[in-house]
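To keep things clear, I will list the structure first and then write my remarks on it.
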Amino acid sequence: MMLIVLGVFVCGTIWTVLFSFTNIKILPIFTPKEWIDGFVGLANYRRLFNTDRWMSCPAITHIGMADWRFTCTGALPNMVTYAVLSIAIAVSLGFLLAVLMDQKIRAEGVFRTIYLYPFALSFVVTGHVWAWIMSPEYGLQASMRQLGWDSFSFGWIADRKMVMYAIVIAGIWQGTGFVMALMLAGLRGIDEDIWKASKVDGIPAWRTYIQIVIPMMKPVLVTIFVIVTSGAVRIYDLVVAITDGGPGISSDVPSRYIYQNFSANLGQSLSASTVMLVAMAIVLIPWIRMEFGKKSQA
Amino acid sequence: MTNAASFATTPSGAKPKPFITWERFVVYAVLIVCALFFLLPLYIMIMTSFKSMAEVQSGNIFVPTLHPTFDAWSKAWDSACTGLYCEGIKVGFWNSVKITVPSTIVSIAVASVTGYSLANWPFKFSEVFFTILLLGSFIPYVVMIYPLVIITRELGIFSTLWAVILVHTIFGLPIQTLLFRNYFASLPQELFKAARVDGAGYWGIFFRIFVPMSVPIFTVSVILQVTGIWNDFLFGVIYAGPTNYPMTVQLNNIVNSSMGGKAYNVDMAATILTGIVPLTIYFVSGKYFVRGIAAGAVKG
Amino acid sequence: MHSVSVQNLSLKFGAAEVLKNLNLDVEEGEFIVLLGPSGCGKSTLLNCLAGLLELSEGQIHIKGKNVTWAEPSERGIGMVFQSYALYPQMTVRGNLSFGLKIAKLPKEEIEKRVQRASEILQIGPLLDRKPGALSGGQRQRVAIGRALVRDVDVFLFDEPLSNLDAKLRSELRVELKRLHNRLKNTMIYVTHDQIEALTLADRIAIMRGGIIQQLDAPQTIYNRPSNLFVAGFIGSPAMNFIKGTTVGGGKAFKFGDVTLNLVGYEGGAIMDRPKAIIGLRPEHLAIVDEAVPGLTIPAVVEIDEPMGADSLVWLEAEGKQISVRVPVEHRPVAGTKVHLKVDIAKSSLFDETSELRI
C-alpha cells in the first residue's frame with residue numbers, strides 16, 4: 001500500500017514535470033512515446049510567461065519593491081502580493097498578540113480560543129463570510145452609510161486594484177491565530193532563567209524581546225515563515241469563494257489558473273504546476289535541510 | 001530602623017500597586033480590540049442567518065435580528081439550490097461524511113503501521129523511504145492532480161466517491177506516517193526491547209504495547225485528517241463528480257447559484273453548517289487541535 | 001551593618017504560604033548556603049532577595065538599604081542560574097557587557113570590567129565565542145562573569161553546579177571557594193547537594209516547608225542537628241535513629257533489652273521521656289568484641305558495603321537495622337555476633353513528639 005502511494009507521488013511528480021515540455025493536449029496516458037512525439041522544449045514556459053493572465057509586467061524594467069504590484073498583473077504577481085502581505089501582517093500581528101498573551105493576563109484561554117477558531121474553518125467558509133461582510137451592496141459599506149457615515153467606502157472586492165488586499169484581510173483573519181499560537185509556544189519555550197537574568201541585568205522588557213528573545217526563537221520563526229508561505233503559494237479556495245478570480249480575472253491565482261487550463265490547455269497547466277513546484281522548493285528545501293539535516297547527520 | 005516613625009514609612013510588604021496600570025490597560029485594550037475583529041465575522045454570520053431576507057435587505061449587518069427565524073436554516077439544510085438541484089446542503093453533509101470516515105480510517109491504519117515499522121523495524125531502504133515521505137508531504141497538490149486524474153480514470157472510479165476517498169487517503173499518508181514515526185521513535189526503545197525479550201512479535205508489540213500508549217497521537221491525527229478532509233475543496237471539485245460533491249463544494253455552489261437573487265441569510269446558514277463540524281472538533285479537543293493543525297499545516 | 005538582612009519575610013501564592021515569617025541576617029563577606037529538599041522554598045527565597053518575586057510581607061535590606069520594593073537591577077546583586085541563562089546569540093563578551101551597556105556605562109569602564117572578570121575566571125580566550133561553542137563548565141564560568149562585571153557586593157547562586165557532571169562539579173566547587181576567598185563578597189548559594197553546602201558554606205541554612213530549620217556553621221549542623229529533620233537530612237550515609245525511652249531521671253536511654261548510659265551527653269536537660277529517639281552517626285559507632293554495660297549494643301553482622309577506604313556494615317540489633325562505618329580492612333564477617341560501642345558525647349537525643357533536639 002505504502003509503496004504504491006510512494007510510487008504515485010514520485011511518478012506523478014516526474015510525469016508532470018516531464019510532460020510540461022510537450023504539446024500533448026488532452027487525455028494522455030503519459031507514455032514515453034507520447035513524450036517523444038510531443039516534445040517541444042520550453043515552448044510551454046515561453047507561452048506561459050507571455051500570457052497576460054499568468055503574468056503581465058509592462059513596466060518590468062523598473063522593478064522596485066514599491067511599485068512592483070502596480071506594474072505587474074496576473075495570477076503569479078497576485079500570489080506574490082498575497083504571500084508578501086499575508087506573511088508580513090500575520091507574522092507581526094501574531095507576534096504582537098503572542099507577546100501580549102504572555103503578560104500573565106487573565107482569561108488567556110478565552111482569548112486564545114477566540115483568536116484561533118477561524119483556523120478551524122475552511123477557506124471556503126472563510127471566503128463566503130468575508131465576501132458577505134465586504135459586499136458593497138449590503139455589507140460593511142452599506143451598514144456604515146446607513147449609520148450615518150455617508151462617505152464611508154469599502155468596495156475592495158469590486159475594485160480591480162484593491163481586490164487582492166480584500167483577500168489578504170480574509171486570509172489573515174483565518175491564519176493569524178495559528179501564527180499566534182505557534183509564537184506563544186515559542187515564547188513559553190524560552191528558559192525562565194533568561195528572563196530573570198535580563199531583569200537582574202536591568203534590561204527593559206522590550207529590549208529583551210527584541211535583542212534576546214526574538215533571536216532565540218529563530219527556529220520557530222522559520223517554521224512559521226515556511227508554513228505561511230507554503231499556504232500562500234497554494235492559495236485557491238479562498239479566492240474561489242470570495243471573488244472567483246474577479247472582477248474579471250484581476251484576482252486570479254496560479255492554482256486557479258492551473259485548474260482552469262486542465263481541460264483546454266494541458267501544457268500550460270503542467271508548466272504552471274512545475275513553476276509552483278519550483279517556487280515551493282525554493283521555500284522548503286532550505287527549511288527541510290535545517291530541520292531534518294541535523295538529525296540525520298547525528 | 002532607629003524609630004517607629006521611620007519604620008512605618010520604609011517599604012515593607014508587597015509593593016503597593018494601583019488597581020490597573022496604564023500598561024495593563026493597553027495590553028487588555030489591544031487584546032480586546034483584536035478579539036472583536038476575530039469575533040465580528042462569527043457574529044455577523046450568526047445574526048444574518050437568523051434574519052429574514054427582508055430584514056437583511058433593509059437592515060444593517062451589525063444590528064441583531066429583531067425577528068429571529070429558522071427559515072434560512074431549514075432552507076439551507078433542506079432545499080437550497082446548487083444550480084443542479086434544490087435539496088439543500090444536507091446532500092453535501094452526507095457526502096462529506098461518506099468521504100471523511102473511510103479515508104480517515106484507512107489512512108490512519110496504514111500510516112500507524114508504516115510509522116511503527118519505520119521507527120522500530122528498519123529495513124534496507126527505510127532511509128530512502130523516509131526521505132521520499134518527507135518530500136511527499138510538502139509537494140504542492142496541483143503537481144499531482146493530473147496524474148491522479150489519469151490513474152482514477154484508468155481504475156474506472158473517476159467522478160465517484162471512491163476517487164475522492166482514494167485521493168484523500170494517498171495525500172494523507174505521508175504526513176500521517178511522519179507523525180506516527182516520530183511519535184513511535186520518541187517512545188523508549190527499552191520498551192520495544194523488553195517486549196521482544198518477552199516473546200511478542202511484530203503485531204503483538206504493535207497492538208498490545210504501542211497502540212495503547214499512543215492515544216494522544218491517534219487523537220492528533222484523527223483531528224488532522226478529519227478537519228483537513230472536511231475543509232478540502234479542490235479534490236472534491238475534481239474527483240468526486242457532481243452527485244458526490246462534499247459540503248464545501250455544495251456551499252460554494254449554493255452561494256454562487258443566483259436563481260432569484262442572492263439569499264444571504266440562507267448562504268450564511270449554509271456557511272455555518274459547513275463550518276460547524278471542524279468548529280466542534282476545535283472546541284472539544286483544545287490543545288490537541290493546535291498540535292494536529294500544526295502538523296498538517298505543512299502538507300502539500 | 002548586615003550585608004543582607006531579611007525581616008519577617010512571608011510569601012503567599014493565593015492560599016499557599018511558600019515562605020513563612022523568615023528572618024535571616026548575613027554578615028559582610030559571608031558565604032551562606034540555603035540547603036533543603038526540592039520544594040522547601042530555598043530558590044523562592046533567593047528569588048525574593050533578587051527582586052524577581054514580590055514578597056507578601058516583611059522587608060529586605062541589602063547593605064543597610066531597604067530594597068523591599070527595588071527593581072532587581074537596583075539592588076546591588078549579581079545572580080548565577082542553574083541553566084546558565086546566557087544569551088545564546090551574543091558572544092561571551094556581549095553577554096558580559098550587555099547589562100553594562102544598558103546601564104550606559106562608559107566604554108572604557110565596560111572594557112575594564114570585562115577584562116578583570118575574564119582574568120579572574122580565566123575565560124580570556126573564550127571572549128569572542130558564543131555560548132553554544134562552550135562546554136558546560138565554561139558556560140557556568142561566563143555566567144559567574146556576568147555577575148562579576150556588575151561590581152556588586154552580593155552574589156546570588158541558584159543551584160549553579162547542578163547541570164554539570166560529577167567531576168566538573170567538584171572542580172568548580174573548589175574554584176568557587178577560591179573565588180570567594182579572593183573577592184570576599186557576600187554570597188548566598190542555593191543547592192540541594194549537602195556536599196556542596198558542607199564544603200562551601202560559612203553557615204548553612206537548612207530549610208523545609210518555607211521555614212529555616214537551622215542556621216549554623218556546617219560542623220555544628222553536622223554534630224548538633226537541632227531537630228530530627230536536619231539530623232536525617234545532613235550526613236551520608238544517613239544517621240541511625242533508634243526509638244526508646246529515657247529513664248533514671250535522664251541518666252539512661254533504654255530500648256528493648258539495651259540500656260545506654262547518657263552521662264556525658266552534650267545538650268539540655270534530658271529528664272524521663274516516654275518517647276525519645278537517639279541518633280547515632282555510622283562513623284561514631286565502633287565494632288568491639290566485648291560487651292561493656294551501658295556503652296555497647298549487642299548486634300549481628302548482616303552485610304557490608306565496601307566503599308573504597310571505608311566499608312558500611314549493616315547490623316541487626318533488637319530487630320533494628322543499624323549501619324556502622326569501619327575502615328575496610330576491619331570488616332567483620334557476616335553472621336558474627338559483635339557489640340557496638342556508642343560515643344555518647346557525639347550522639348544526638350530527640351524528643352519524639354516535638355522532634356526537637358534535647
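The values are calculated or read from the model by the stated rules, or taken from the named source; none is laboratory data. Quantities reported herein were computed from a predicted structural model and do not represent experimental measurements. We place every Cβ from the backbone using ideal geometry, glycine too, and count neighbours over all the protein chains shown.
What to note about this one:
- For the range A:235-267, filtered to residues that are surrounded by 22 or more Cβ atoms within 10 Å (Cβ to Cβ) and without any contact (Cβ under 8 Å) to a residue 40 or more places away in the chain, the residue that is farthest from residue A:78 (Cα to Cα) is A:258.
- Yes/no for residue A:170 being within 24 Å of the chain's Cα centre (by Cα), in a helix (DSSP H, G or I), facing chain B (nearest Cβ under 10 Å) and of a type in the set (A, V, I, L, M): yes
- Members of the range C:215-269 that are of a type in the set (D, E, K, R) and within 23 Å of the chain's Cα centre (by Cα): C:216, C:224
- One residue stands out among those in the range C:1-22 that are of a type outside the set (A, V, I, L, M, F, W, C) and touching a strand residue (DSSP E or B) at 6+ places or on another chain (Cβ under 6 Å): the one that is surrounded by the most Cβ atoms within 10 Å (Cβ to Cβ), which is C:3.
- The range C:1-20, residues that are part of a strand (DSSP E or B) and touching an Asp or Glu at 6+ places or on another chain (Cβ under 8 Å): C:4, C:5, C:6, C:8, C:9, C:10, C:11
- Residue list for the range A:129-153, filter: aliphatic (A, V, I, L, M) and over 12 Å from residue B:57 (Cα atoms): A:129, A:131, A:133, A:134, A:140, A:144, A:147
- Here residue B:259 meets the list (1) at pLDDT below 90; (2) surrounded by fewer than 23 Cβ atoms within 10 Å (Cβ to Cβ); (3) within 13 Å of chain A (Cβ to nearest Cβ) almost entirely, failing just condition (3).
- Of the residues making up the range C:304-337, those that are in contact (Cβ under 8 Å) with a residue 12 or more places away in the chain, in a strand (DSSP E or B), over 22 Å from residue C:254 (Cβ atoms) and in contact with a Leu (Cβ under 9 Å, 6 or more places away or on another chain) are C:304, C:306, C:325, C:326.
- Residue check for residue B:111: over 16 Å from residue A:3 (Cβ atoms), modelled with pLDDT of 90 or more, assigned by TED's automatic domain parsing to the domain that holds residue B:241 and buried (at least 21 other Cβ atoms within 10 Å of the Cβ): no
- Residue selection: residue A:232 satisfies the criterion of being away from chain C (no Cβ under 13 Å) and in contact with a helix residue (DSSP H, G or I) (Cβ under 9 Å, 6 or more places away or on another chain).
- Picking from residues in the range B:196-221 that are of a type in the set (Ser, Thr, Tyr) and under 15 Å from residue B:116 (Cα atoms), the one that is surrounded by the fewest Cβ atoms within 10 Å (Cβ to Cβ) is B:202.
- Tallying residues that are at the interface with another protein chain (Cβ under 10 Å from one of its Cβ atoms) and under 19 Å from residue A:125 (Cα atoms) within the range B:266-294 yields 18.
- Odd one out for residue B:224, checked against (1) among the aliphatic types (A, V, I, L, M); (2) farther than 30 Å from residue A:124 by Cβ; (3) crowded, with 22+ Cβ neighbours inside 10 Å: (2)
- Once the range B:40-67 is narrowed to residues that are small (Gly, Ala, Ser) and more than 11 Å from chain A (Cβ to nearest Cβ), the residue that is nearest to residue A:142 (Cα to Cα) is B:54.
- Among the conditions (1) away from chain C (no Cβ under 14 Å); (2) in contact (Cβ under 8 Å) with a residue 60 or more places away in the chain, residue A:185 misses just one, which is (2).
- Scanning the range C:83-94 for residues that are surrounded by fewer than 24 Cβ atoms within 10 Å (Cβ to Cβ) and more than 7 Å from chain A (Cβ to nearest Cβ) yields C:90, C:91, C:93, C:94.
- Looking across the range A:169-183, just one residue is over 24 Å from residue A:217 (Cβ atoms) and crowded, with 24+ Cβ neighbours inside 10 Å, and that is A:170.
- Here residue A:193 fulfils each of the conditions (1) away from chain B (no Cβ under 12 Å); (2) charged (D, E, K, R); (3) within 30 Å of residue B:285 (Cα to Cα) apart from (3).
- Index of the failed condition, residue C:289 passing every other in (1) within 30 Å of residue C:213 (Cα to Cα); (2) modelled with pLDDT under 90: (1)
- Among the residues of the range A:6-17, not one is surrounded by 16 or more Cβ atoms within 10 Å (Cβ to Cβ) and more than 9 Å from chain B (Cβ to nearest Cβ).
- Residue match in the range B:182-192 (condition: over 18 Å from residue B:106 (Cα atoms), of a type in the set (Ser, Thr, Tyr) and either within 14 Å of chain A (Cβ to nearest Cβ) or in a helix (DSSP H, G or I) (or both)): yes
- Inter-residue pairs, beta-carbon under 6 Å, first within 18 Å of residue A:51 (Cβ to Cβ) and more than 9 Å from chain B (Cβ to nearest Cβ) and in the range A:268-295, second part of a helix (DSSP H, G or I) and modelled with pLDDT of 75 or more, 6+ apart: A:268/A:48; A:268/A:261; A:271/A:44; A:271/A:45; A:271/A:48
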